Amino acid sequence: MDMTDKMASEAKRPWYKNMPDPMVLIFMILVATYALTFIVPAGEFERIVANGRTTVVPESFAYLTDTPAVHFFDIFVAIPQGLISAAPYLFIVFIAGGLFHILQKTGALENAIGVAVNKVGVKNRNVIITVGTFIYGFFGVAVGFENNIALVPVAVLISAAVGYSSLVGTVMAVGGIGIGFALSPINPYTVGVAQGIAELPTFSGAWLRTLMVLTSLALLAYFICAKVTKMDFKEPEGVEGLKKDLSDYQLGGKDKATLGVFLAGLGIMLYGVFANGWYINEIAGLFLLMAIAIGMVNGLSANGIVKQMMEGASGVTAGALVIGVAASIQVILDQAQIIDTIVNALSSLIQDMPIAVSAIVASVVQGVINLFVPSGSGQAMVTMPILVPVADLVGMSRQLMITAFQVGDGLTNLIVPTSGGTLAMLALGRVSYEQWLKAILPFMVLVYALCWVALFIGQLVGY
């Protein structure tokens with residue numbers, strides 16, 4: 001095929017199949033953000049600290065007149081600054097990449113999955129994918145988002161065991177965790193913080209969110225089995241499927257010891273998350289300890305462990321660097337001090353909407369804001385003091401406004417390039433941001449429609 005034929009072929013393809021490299025795409029967003037600084041004036045809300053939390057004072061927005069302009073060269077300076085600010089995500093990707101490379105080399109995880117799939121039967125592979133989607137969704141509901149980074153490569157191996165691509169496993173894991181976290185009835189980072197600001201009982205109104213998360217996970221499982229499994233996906237170099245027939249897999253004593261260390265590490269992680277408030281740095285440190293322990297169980301020398309860790313880290317370098325480049329968008333926004341201006345303008349839109357669609361519009365507004373304020377709890381702190389009074393004014397219940405916030409904030413995490421946790425998981429699944437968008441965007445249309453119907457019904461029944 002010559003260059004002319006190739007260009008003509010690409011022109012006939014849908015727009016979402018002609019996307020640029022993830023680095024190019026994010027740099028284009030960075031440049032667009034820089035252009036936005038000349039259009040959107042700087043502004044800020046007053047903030048107060050109450051009960052150890054920094055919250056926005058409603059109706060306190062004011063424009064700023066002494067903010068220095070963002071220069072063209074700052075676009076390029078923002079990239080290393082973004083890499084620095086996103087360092088925790090970069091390091092957990094590198095360390096987790098090393099951990100799973102060692103685990104893969106031992107063969108223990110592959111043997112365990114091979115034995116399990118052989119017992120269930122590969123003919124039931126869509127059942128395995130469906131059950132896996134709900135299990136990952138449960139982890140998203142109960143454990144959180146970034147805290148489940150270590151489980152993504154496991155899903156990729158499960159997918160390979162039943163004859164599917166890494167893309168299928170990654171969508172099962174990242175999609176399941178993301179949906180579970182986004183619509184969790186007990187999410188402390190979004191629901192808990194927002195209900196505290198709105199002076200509602202913690203985790204009250206859980207029935208609607210429970211219905212939403214279960215229905216959305218069922219929709220995701222169907223979408224994976226019906227659509228993602230049939231998508232063309234070129235496996236990245238170094239990613240291999242199962243090396244033996246399923247009937248040949250067995251678990252030896254060393255395999256059981258290796259898996260024991262791995263499962264004990266996950267147990268310690270969960271205890272640290274729930275009992276001691278562990279987050280990215282502590283989890284990354286635990287992964288490093290797990291890698292060393294697994295290497296020792298399998299007789300690796302200190303040099304051997306380091307070599308395997310370096311090989312694993314090198315395999316996820318591209319994905320890790322995308323995280324840092326994406327973080328540069330936030331650097332430009334903070335430097336220009338336009339985030340509060342955008343939040344103020346978007347929030348004012350809801351006041352002029354009919355009550356019947358105000359919750360849906362609120363979720364869209366929150367989704368746009370999530371591009372600029374990617375932290376769920378941080379977004380709650382910024383927007384809830386503004387939108388709770390807005391809900392009172394337009395006749396929407398505070399509970400429904402919080403659910404609209406949760407839908408807009410949570411679901412958008414699966415597609416915005418400023419979500420470091422999502423990009424970290426994609427890096428470990430060895431799926432590029434471009435490939436991820438091609439797979440997940442059609443599902444996002446469906447799940448948003450589903451959640452908007454739920455919000456509309458919630459408005460009608462007085463939720």
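Taking a ≥ b ≥ c as the square roots of the eigenvalues of the Cα gyration tensor of region 414-463, is the shape rounded (a/c under 1.5), prolate (a/b larger than b/c) or oblate?
Prolate.
Order 415-428, 191-204 from most to least packed using the mean count of other Cβ atoms within 10 Å.
Listed from highest to lowest mean packing, they are 415-428, 191-204.
For a 26 Å ceiling on Cα separation, which of these pairs sit above it: LYS119/LYS254; LYS256/LYS307; LYS105/LYS438; LYS105/LYS256?
Cα-Cα > 26 Å for LYS105/LYS438; rest within.
Hey, what did region 72-461 get for relative contact order, percent, Cα under 8 Å, at least 6 apart?
29 percent.
Got a number for carbon plus sulfur as a percent of the chain's accessible area, 1.4 Å probe?
With neighbouring chains kept in place, the figure for the chain is 65 percent.
Pulled fully out, how much extra length does the chain show between SER247 and ASN281, if you take 0.36 nm times their separation in residues and subtract their Cα-Cα distance?
8.2 nm
Between beta-carbons, use under 15 Å as the cut-off and find the net charge around ILE339, counting Lys and Arg +1, Asp and Glu -1.
-4
Divide by every residue of the chain the summed helix terms, -39500 (n - 2.57) for each DSSP H run of at least 4, and state the resulting mean residue ellipticity at 222 nm, rounded to the nearest 500 deg cm²/dmol.
Result for the chain: -22500 deg cm²/dmol, rounded to the nearest 500.
Could you please report the charge total around ILE355, scoring K, R as +1 and D, E as -1 over all other residues with beta-carbon less than 15 angstrom from its beta-carbon?
Combined, the nearby Lys, Arg, Asp and Glu give -1.
Could you check the spin-label model distance between ILE186 and ILE268? Points 7 Å from the Cα along Cα→Cβ, value in nm.
So the label points at ILE186 and ILE268 sit 2.5 nm apart.
Between LYS119 and TRP207, what is the spin-label point distance in nm, taking each point 7 Å from the Cα along the Cα→C-beta axis?
It is 3.9 nm.
Assigning unit charges at the beta carbon (Lys, Arg +1; Asp, Glu -1) and nothing else, what dipole magnitude in debye, to the nearest 20, does the chain show about its Cα centre?
The dipole of the chain has a size of about 1440 debye.
Quick one: which of 109-122, 168-181 comes out on top by average Cβ neighbours within 10 Å, and what's the full order, highest first?
Top to bottom by mean Cβ count within 10 Å: 168-181, 109-122.
What order do you get for 361-371, 271-281 when each peptide is scored by the mean count of other beta carbon atoms within 10 Å, highest first?
My ranking of the peptides, most packed first, is 361-371, 271-281.
Over what distance in Å are the Cα centres of region 295-352 and region 77-100 separated?
Region 295-352 and region 77-100 have Cα centres spaced 6 Å from each other.
Report, to one decimal in Å, the Kirkwood hydrodynamic radius for region 109-246 based on all distinct Cα pairs.
15.8 Å
Consider all pairwise Cα distances in the chain and report the whole-number % of them above 38 Å.
Summing the P(r) tail past 38 Å for the chain gives 26 percent.
Report the paramagnetic label zone for ASP66: residues of region 332-349 whose backbone N is under 19 Å from a point 7 Å from Cα along the Cα-to-Cβ axis.
Within reach of a label on ASP66: 335-338.
Report the local net charge at ILE369: Lys and Arg +1, Asp and Glu -1, summed over other residues whose C-beta lies under 14 Å from its C-beta.
-2
Average projected area of the Cα convex hull of region 342-428, in nm²?
Quarter of the Cα hull surface area: 5.1 nm².
Give me the Å³ per residue figure for the convex hull around the C-alpha atoms of region 252-378.
177 Å³
The values are calculated or read from the model by the stated rules, or taken from the named source; none is laboratory data. Quick caveat: nothing in here was measured; it's all calculated off a predicted structure. FYI the Cβ positions are ideal-geometry reconstructions off the backbone, even for glycines, and counts take in every protein chain you see. Each accessible area value is taken on the protein alone, full model and side chains, heavy atoms only, with ligands, DNA and RNA left out. Shrake-Rupley method; radii C 1.70, N 1.55, O 1.52, S 1.80 Å.
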